[in-house]
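Contents: one structure, followed by commentary.
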């Protein structure tokens, strides 16, 4: 398994020419797909939002597009897809809350004091 780090994803999504080219070279000719772990997904969302000012809906679309390629896979495709859909649709929630919301949607119990997250979990 080949795991991608945040800096490669950020290079692909927000890098200048040299950084983007270096990230693309990492992907080319690999013997197997690269995997994005849950923690790297979270950190990538945070970096794109905090350092580059990218809105959540744009982050969600960009990452969903990347995770839809043959070269890059999510550790859990269904969970990542649902979390990114929540991120695009719910601008007040961060990616961690969106991951928890996706897990709640699949039957996991989520215990939280976060009122926004609790409302999102119980909303129809």
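Derivation of every value follows stated rules applied to the coordinates shown; laboratory data play no part. Since the model is a prediction, treat every value here as computed from it, not as a measurement. All Cβ positions, glycine included, derive from the backbone under ideal geometry; neighbour counts span all protein chains shown.
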- Item | Simple spin-label estimate for residue 106 and residue 123 in nanometres, 7 Å along Cα-Cβ | 2.1 nm
- Message: Using only Cα atoms and rounding to the nearest 10 degrees, what angle (0 to 90) does helix 17-27 make with the longest principal axis of the chain?
- Response: 90 degrees
- Round to the nearest 10 and give me the degree value, 0 to 90, for the angle of helix 38-50's Cα axis relative to the longest principal axis of the chain. 90 degrees
- Task: Go ahead and run the numbers for FRET between residue 96 and residue 7, Cβ-Cβ distance against an R0 of 22 Å, rounding to 0.05.
- Result: 0.65
- Which label belongs to the value computed from this structure, given these candidates for mean projected area of the Cα convex hull in nm²: (1) 11.7; (2) 12.6; (3) 7.8? (3)
